[in-house]
């Protein structure tokens, strides 16, 4: 089939052709909601929220049960999608939760279209507990493909694909997404495509799949980069463009970088799966917190329940937009965990996590927006904290950082952490600009040892509502700074920052899959240079580091404001035997910008207007030698 052939690597700028206007936040004290407008729903759909617990989760958590009329379920899902399909910079947030059972049938499939800021989850302890006969579909749009198909998710259910009237999108399980759109704990009984082949153009860029089983195999198609972790790929994986990375997968392609550009690790060095909400056999609501794994292969649920601990919902403070910040911090201080219901929260003082083992779980991509230069969340020098499913937005006054894990070296922090019980971030996203003006020096600062960063996207916006984006408007130096030792990143996406995108100061760091675009909008070379070097590297390992290893790293340049700009190199590391970099790629896009070298002055140039869309690669770099 032609769909299985390699797609053009030429990438258009990641631009939207009509961004919806942002909804302004209204500050009420120190923590205020941005008003979310509920989508229309039928009385029967609302009746599904028939328990006190469901009501406690708020109006934007929609709970379905298999005894509901399917027409009501479909109507509610469609109404939310109609509101969210183009709502890229809006304030509405939704979690669609399905209680254990079967939904849809071969004769009457359930078609769940997933728009912006929509989370679709099964509520069983395992993916087998919830079956969707139909599809859970994320697509691109004509004119932009799936380059802006961000901020949505699907997890913890089984999908039997049944074509609907729109057979193009639902003939296969289509999850055609880019950043911040994870698929987790999903069992697809049929074929899966990550390419938006119904749209023109059909570009996509940057997906993430973990702890899943894609029994019919998967089509990468036009996905320019993609990361698959601890997943059974069934019938296999088709196609590659620039940078496809696999770790701990069953039936993954063999290592073959750069032709085709597959980077394959037999096992994932360190991982911790995302906590999830579920309903137990007695009907009680609980949160399951998976255990950490080392050198793991395959799904956590292949041979029974995922290992870990189950917490009753009574152990959580359930936060809603408008809750006083003092009340949230008091609950945390008294030993509660935190469940953050869908919404946009303005935070003028840090939410402080101080207890080891605390779980902070967001639903529906709940969003914390910094106010008055605050750091929205801090984690003390404690181990085993898990933060998942949250988005952190910069505010109009510069924040030093948006999330700080452990106290910094300048404060004499202990860098507390253990390999057996690491602190973990899963599906945690950062934005500088986009829905409004944003400013933050860094987005994520990691000071604790043995931290796991699993699907983190730090984004200095390259597009957004009018007036929210520009070189002197949404300012940010660095996306991620790692000071802790033994930190592992599995799926690290960091884009468009104005200086180093990533700075890694800790020892024995590891990154499996890295995606980067350098800033689009520097006005001239004088504004984007330092210490005799043009531009700033995407990924900087500090000169003092003795041991570091990374696999499958891609960095791309598109300087549309000034196409003549150069970056000396995308990767900078110390020349020492303990620092080893595997499978590095640079690409120039659309005749705009040049990366002179891949790493440390070595590797051929990616030159705008000369070799656009053609990867320039280094397979291994260590101790001053590239191959």
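A few comments on the model shown:
- Each residue in the stretch 220-236 was checked for being surrounded by fewer than 24 Cβ atoms within 10 Å (Cβ to Cβ) and farther than 15 Å from residue 302 by Cβ, and 2 pass.
- Looking at the stretch 57-143, the strands (runs of 3 or more DSSP E) lying wholly inside it that each contain 2 or more residues that are closer than 26 Å to residue 289 by Cα sit at 61-64, 94-98, 101-103, 118-122, 130-137.
- Residue check, residue 133 modelled with pLDDT of 95 or more, on the phi < 0 side of the Ramachandran plot and surrounded by fewer than 23 Cβ atoms within 10 Å (Cβ to Cβ): yes
- Residues of the stretch 543-560 classified as surrounded by fewer than 17 Cβ atoms within 10 Å (Cβ to Cβ) and farther than 16 Å from residue 622 by Cβ, total: 2
- Residue in the stretch 451-463 that is more than 17 Å from the chain's Cα centre (by Cα) and surrounded by 24 or more Cβ atoms within 10 Å (Cβ to Cβ) present: no
- Residue match in the stretch 460-475 (condition: under 21 Å from residue 148 (Cα atoms), modelled with pLDDT of 95 or more and not in a loop (DSSP other than H, G, I, E, B)): yes
- Residue within the stretch 573-589 that is outside the structural domain of residue 518 (by TED's automatic domain parsing) and either assigned to a loop (DSSP other than H, G, I, E, B) or modelled with pLDDT under 95 (or both) present: yes
- Residue check, residue 242 surrounded by 21 or more Cβ atoms within 10 Å (Cβ to Cβ), in contact with a strand residue (DSSP E or B) (Cβ under 9 Å, 6 or more places away or on another chain) and more than 17 Å from residue 186 (Cβ to Cβ): yes
- Considering the stretch 154-249, the qualifying strands (runs of 3 or more DSSP E), each wholly inside and each with 2 or more residues that are touching a residue at least 60 places away in the same chain (Cβ under 8 Å) and under 21 Å from residue 587 (Cα atoms), run over 225-229, 243-247.
- Some residue of the stretch 522-535 being closer than 20 Å to residue 601 by Cα and surrounded by 22 or more Cβ atoms within 10 Å (Cβ to Cβ): yes
- Residues being surrounded by fewer than 19 Cβ atoms within 10 Å (Cβ to Cβ) and under 15 Å from residue 392 (Cα atoms) - total across the stretch 311-347: 0
- Reported count of residues in the stretch 465-482, each being buried (at least 21 other Cβ atoms within 10 Å of the Cβ) and at positive phi, is 0.
The values are calculated or read from the model by the stated rules, or taken from the named source; none is laboratory data. Predicted model, so just to flag it, every value in this text is computed and none were measured. All Cβ positions, even for glycine, are placed from backbone atoms using ideal geometry, and neighbour counts span all protein chains on display.
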